[in-house]
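The values are calculated or read from the model by the stated rules, or taken from the named source; none is laboratory data. A quick note: this is a predicted structure, and the numbers were derived from the prediction, not measured. Cβ: placed from backbone, ideal geometry, glycine included. Neighbour counts: every protein chain shown. In case anyone asks, the SASA skips ligands and DNA or RNA and just uses the protein heavy atoms, side chains included. Shrake-Rupley method; radii C 1.70, N 1.55, O 1.52, S 1.80 Å.
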Amino acid sequence: MEYNFREIEKKWRQNWIDEQVYKVTEDESKPKYYVLDMFPYPSGAGLHVGHPLGYIASDIYSRFKRLQGFNVLHPMGYDAYGLPAEQYAIQTGQHPEVTTKNNIQRYREQMNKIGFSYDWSREIRTCEPIYYKWTQWAFIRMFNSFYCYDKKRALPIDELISAFEQNGTKGLNIACGEEMEFTAKEWKDKSKVEKQKILLNYRIAYLGDTMVNWCPALGTVLANDEVVNGLSERGGYPVEQRVMRQWCLRVSAYAQRLLNGLDKIDWTDSLKETQRNWIGRSEGAEMAFKVKNSDIEFTIFTTRADTIFGVTFMVLAPESELVDKLTTNEQRAEVNNYIDITKKRTERERIADHRVSGVFSGSYAINPLTNEAIPVWISDYVLAGYGTGAIMAVPAHDSRDYAFAKHFNLPIIPLIKGCDISEESFDAKEGIMMNSPVQGKEIPGGLILNGLTVPEAIAKTKIYIEEKKLGKIKVNFRLRDAIFSRQRYWGEPFPVYYDENGLPQMLPDKKLPLKLPEVDKFLPTETGEPPLGRATNWAWDTINEKVVSCSLIDNKTVFQLELNTMPGFAGSSAYYIRYMDPRNEQELVSPQADKYWRNVDLYIGGTEHATGHLIYSRFWNKFLYDIGISCEDEPFLKLINQGMIQGRSNFVYRINGTNKFVSFNLKDQYDVTPLHVDVNIVVNDVLDIEAFRNWNPEYNTAEFILENGKYICGWVIEKMSKSMFNVVNPDMIVDKYGADTLRLYEMFLGPLEQSKPWDTNGIDGVHRFLKKLWNIFYGNADSLQITNEAATPEELKSLHKLIKKVTFDIEHFSFNTSISAFMICLNELSTLKCKKQEILEQFIIILAPFAPHITEELWHAFGYKSTICDAKWPEYKEEYLKEDMVKYAISFNGKARFNIELPADMSKEDVEKIALTHENSTKWLQGKEPKKIIIVPQKIVNIVI
RNA sequence: GCUCGGAUGGUGGAAUCGGUAGACACGAAGGACUUAAAAUCCUUUGGCUAUUGCAGCUGUGCGGGUUCAAGUCCCGCUCCGAGUACCA
């Protein structure tokens, strides 16, 4: 009987759906294991062959864990809100919901064909109200919380209000936008509106004025990656920097916890490092500088307090509020001119173009350690958003300050003995201090750093600053708060309306979800409002607590609802929690479900989410942990990044000016143009000439110059894309070879975490393996050719070697090597002509996670029901693996010379004796006495002469 | 610039604790079966030298080092990839 994979796979796909074998529920009798894939954005192009890589790996792991007796939660869903569907809607008028639904259906069909063991009853879609209700709910919780650094957690905002009422801001160590100070009395005297405004400075979800990329032509804020060279990625319109009032999440409050948490989780070092860099903790000091002839004082942040004696100027960011205060009348015109110029430059331009620019403010600051007056400059190399937006410049020991000083001819004072600063600054934190203070400028009782090493100087300066109250030790983070508003249609609406004072108010929980309204077009309004401004029913009636027509807005009881929507990461930040209890309408997750499933044990996905989703998710989870919803502080215990699958494009070579094509190895003899050719009509780099003629009418009459009767194509690795004709669709592979072959092949391609090109050149190998397996069972017969004879030691050894290897490999996510092991074992078994059920049964079980369809069919042929229900992962037994004879390599001075086979239980001394007296040994020893003999058990006997 | 990876036959890749490098697979060459093709099976396959027979040398990007023994560990480079970037 032939291996008819099409029929087998179809049959079992249906059976699994009918029997609901993948449905899981909380089961206290079994240990839980949660395996999660990063859910996809359902794009119009469908899945290509690169998408399933991680899904196959996680599926193998899930099935493996299930066979080991774990209760495995393995869900899938869709990150359904997003830009492409909205852009498509703008162009075609097609509602994004319709496009999204169609795309989801296609994704689902494609995934079903690959035989994944998802519990589809738990499917979630971020754009469905039953799901986004809880995104909105969590947002309201964040609005009603603040972050306390002392308790290291989020707390209800009411606690902050009572703290203000009792002591004002005294003694509070809490996350905020700008530092505020007031007494309890001052607080009580403030109006209700003022109080609300102050509270926004502390809420975890807050409305704040932040610098954004604003694209006037598109009428929306753009994310950094949507802006290319100062122009919008879509349409190429200019983008400007603008301060806008936006919803933000105070992610920065969690910076230290996000950093600490990395030590507790099993992620790759490189990914942890990426997150550490992104969080960017830097320890330093904040120091106050007085302005000469003024009572103004400003603070700067520095990690090099030790270089204070080398400060020769100060620099303010152009956006800093201090600029206006410190600019003197003589300099005002010049400063304003400079500010105007920098405003027009986009963030991109500033980053791309590092030319030195700046302007003198006219003011001088007083160095608190030397009492010298130093000029205050303004330059765009200082960023408003980091630290205090002001720096002390030490040109001798900072390359940017150095460039600035050289350009404007400002003094440079070297502080490290022997450093050469004629060409560039000396930035390293090493060496012995000098000029600190400069000889002859010592202040009685002042700080002296001369002769100390840099680390000693840093420590001493910090202590001095604190003692003299010149400043304080401060830890700064690069991690910034997340901007949470988008001027988009296709996203979660905010459960927010604006009251008569323009202050945001949350909708009551019981009225959630606030559903996305219908609009006539998916564009901004004529007055520049976001698309939701087009909705006619988008006002909140506070009396009847429902959405009503905008025409009823009176700003007394009926108010405007928020017009922004939430960004893409809103829905993906806590989806893994929702899978635990996806249909619960009363709670985000029931405490029972949460306590059972806890968090994700294994998360597989791409590395591109390192500084986005994986930071937001950890933040979101920590918040839910603080408010008692999630019982775990970290959401993803182990994380594996699957590599990207690149395209492998094929080329044909057309002789210029003709319709003649020359084979790859002969092309150098002609004047040719390489042309992309559809990889689907090329097999092992050999062109299917007939298919090529039919591929494009232009090539109907094409002629070919062949080598060895074949047309060989050239190839190159590039991104998988339609325009390169290198997109390979998984459906096609499933159709041609079957899902099991696709699964095995994608794993066999190479290490999971490595990026690699898709290349079907080796797919026959794994397909042959499955055919060979089938032939062991059926051969040419139509009935099973299996016996009940007892297995021989050789057969048992081959099998148990395999069990040991595959168990180890799966646990280490080394799927490519386990497939090799299957092939080796199958070859051994066919050499032994093994047809024994005892052996083959177990072979089938361990292959089941990799190739579920064929194994299910063969398992069923044994008379069992389903590997998913009645199979158990076998344990290997060392006793079967024992070798009777051990091969020793006899080596002289580390060079292996010959092999001998000796009984495994022979003592070291006897092995030594035999090795030395072996006839071949005398040749190498030449009568000399060996200096040393080293025996590595079961491997090598090394004789040192 | 900084951080983190990587470099092994014609190709994808193995070598899990420093122990006979090249498993497994593809491709290629030769052979068997077949009217023929497909499918299947067998042999060879890092390079060089030798080949009637054994065999020998060399070899994991480059240059050093440690060790009886290095693809693996240490030092110094080269190249490639990823992330990040005026973060004071």
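Out of all the residues in region A:564-584, is one or more at negative phi, more than 35 Å from the chain's Cα centre (by Cα) and modelled with pLDDT of 95 or more?
So in region A:564-584, the residues at negative phi come out as A:564-584.
This time we only want the ones that are more than 35 Å from the chain's Cα centre (by Cα), so: none.
No: region A:564-584 contains no residue that is at negative phi, more than 35 Å from the chain's Cα centre (by Cα) and modelled with pLDDT of 95 or more.
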* To do: Residue by residue through region A:716-753, note down the ones that are touching a strand residue (DSSP E or B) at 6+ places or on another chain (Cβ under 6 Å) and outside any loop (DSSP other than H, G, I, E, B).
  => A:V716, A:I717, A:E718, A:M724
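Answer yes or no as to whether A:K797 is of a type in the set (D, E, K, R) and over 25 Å from A:V683 (Cα atoms).
On the way: of a type in the set (D, E, K, R): yes; over 25 Å from A:V683 (Cα atoms): yes.
Against the criterion (of a type in the set (D, E, K, R) and over 25 Å from A:V683 (Cα atoms)), A:K797 qualifies.
State whether the residues of region A:792-813 include one that is β-branched (V, I, T), part of a loop (DSSP other than H, G, I, E, B) and surrounded by fewer than 20 Cβ atoms within 10 Å (Cβ to Cβ).
The answer is yes, given that some residue of region A:792-813 is β-branched (V, I, T), part of a loop (DSSP other than H, G, I, E, B) and surrounded by fewer than 20 Cβ atoms within 10 Å (Cβ to Cβ).
When the residues of region A:685-725 are filtered to those that are more than 20 Å from A:K660 (Cα to Cα) and within 14 Å of RNA strand B (Cβ to nearest atom), which remaining residue is surrounded by the fewest Cβ atoms within 10 Å (Cβ to Cβ)? Outline the logic, then answer.
Step one: filter region A:685-725 for residues more than 20 Å from A:K660 (Cα to Cα), giving A:716-725.
The next check asks that each one be within 14 Å of RNA strand B (Cβ to nearest atom); those that pass are A:716-720.
Working: A:V716: 14, A:I717: 14, A:E718: 14, A:K719: 11, A:M720: 20.
So, considering only residues that are more than 20 Å from A:K660 (Cα to Cα) and within 14 Å of RNA strand B (Cβ to nearest atom), the one surrounded by the fewest Cβ atoms within 10 Å (Cβ to Cβ) is A:K719.
Considering only region A:639-684, give the strands (runs of 3 or more DSSP E) lying wholly within it that have at least 2 residues that are in contact (Cβ under 8 Å) with a residue 24 or more places away in the chain and buried (at least 19 other Cβ atoms within 10 Å of the Cβ). Please lay out each step first, then the result.
Numbers: elements: A:645-655, A:660-662, A:672-677.
Correct list: A:645-655, A:660-662.
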* Please work out which one of (1) buried (at least 19 other Cβ atoms within 10 Å of the Cβ); (2) assigned to a loop (DSSP other than H, G, I, E, B); (3) of a type in the set (S, T, Y) is the condition A:Y497 fails and give its number. => (2)
* Looking at (1) more than 30 Å from A:P52 (Cβ to Cβ); (2) at pLDDT 85 or above, which is the only condition A:Y711 fails? -> (2)
* Structure fact -> A:E109: passes all of (1) free of Cβ contacts under 8 Å to residues at least 12 places away in the same chain; (2) among the acidic types (D, E); (3) within 30 Å of A:R203 (Cα to Cα) but (3)
* When you scan region A:595-627, how many residues do you find that are open to solvent by 10 Å² or more (accessible area, probe 1.4 Å) and either of a type in the set (K, R) or in a helix (DSSP H, G or I) (or both)? -> 10
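Checking the condition under 25 Å from A:F64 (Cβ atoms) and under 40 Å from the mean Cα position of the chain (by Cα), which residue from A:I824, A:I776 passes? Let's see the steps before the verdict.
Details: A:I776 fails: under 40 Å from the mean Cα position of the chain (by Cα).
The unique qualifying residue is A:I824.
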* Within region A:102-144, can you find the residues that are of a type in the set (S, T, N, Q), open to solvent by less than 10 Å² (accessible area, probe 1.4 Å) and over 17 Å from A:G491 (Cβ atoms)? -> A:Q110, A:S117
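Go through region A:367-390 and give me each residue that's at negative phi and open to solvent by 40 Å² or more (accessible area, probe 1.4 Å). Spell out how you get there, then give the answer.
So in region A:367-390, the residues at negative phi come out as A:367-370, A:372-386, A:388, A:390.
Listed by number, the residues that qualify are A:E372, A:A373, A:Y381, A:L383, A:A384, A:G385, A:Y386, A:T388.
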* Structure fact -> For region A:875-889, the count of residues that are surrounded by fewer than 18 Cβ atoms within 10 Å (Cβ to Cβ) and part of a loop (DSSP other than H, G, I, E, B) equals 5
* A:D731 passes all but one of (1) at pLDDT 85 or above; (2) more than 16 Å from RNA strand B (Cβ to nearest atom); (3) more than 30 Å from A:L639 (Cα to Cα); which number fails? -> (3)
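Is one or more of the residues making up region A:488-501 free of Cβ contacts under 8 Å to residues at least 60 places away in the same chain and touching a His at 6+ places or on another chain (Cβ under 7 Å)? Walk me through it before giving the result.
Initial filter on region A:488-501 (free of Cβ contacts under 8 Å to residues at least 60 places away in the same chain): A:500.
Next cut, touching a His at 6+ places or on another chain (Cβ under 7 Å) only: none.
No.
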* Give the residues of region A:356-402 that are among the hydrophobic types (A, V, I, L, M, F, W, C), within 8 Å of RNA strand B (Cβ to nearest atom) and either assigned to a helix (DSSP H, G or I) or in contact with a Pro (Cβ under 9 Å, 6 or more places away or on another chain) (or both), sorted by residue number. => A:V382, A:A384
* Identify the single condition in (1) open to solvent by 50 Å² or more (accessible area, probe 1.4 Å); (2) under 30 Å from A:T268 (Cβ atoms); (3) more than 10 Å from RNA strand B (Cβ to nearest atom) that A:L832 does not satisfy, given that it satisfies every other one. => (2)
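If you scan region A:515-536, which residues turn out to be part of a loop (DSSP other than H, G, I, E, B) and either touching a Leu at 6+ places or on another chain (Cβ under 6 Å) or polar (S, T, N, Q) (or both)?
Let us first name the residues in region A:515-536 that are part of a loop (DSSP other than H, G, I, E, B), namely A:515-530, A:535-536.
Passing the criteria: A:T525, A:T527, A:E529, A:P530, A:T536.
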* **Positions within region A:382-432 being within 41 Å of the chain's Cα centre (by Cα), more than 21 Å from A:P455 (Cα to Cα) and among the hydrophobic types (A, V, I, L, M, F, W, C), in sequence order** => A:V382, A:L383, A:A384, A:A390, A:A403, A:F404, A:A405
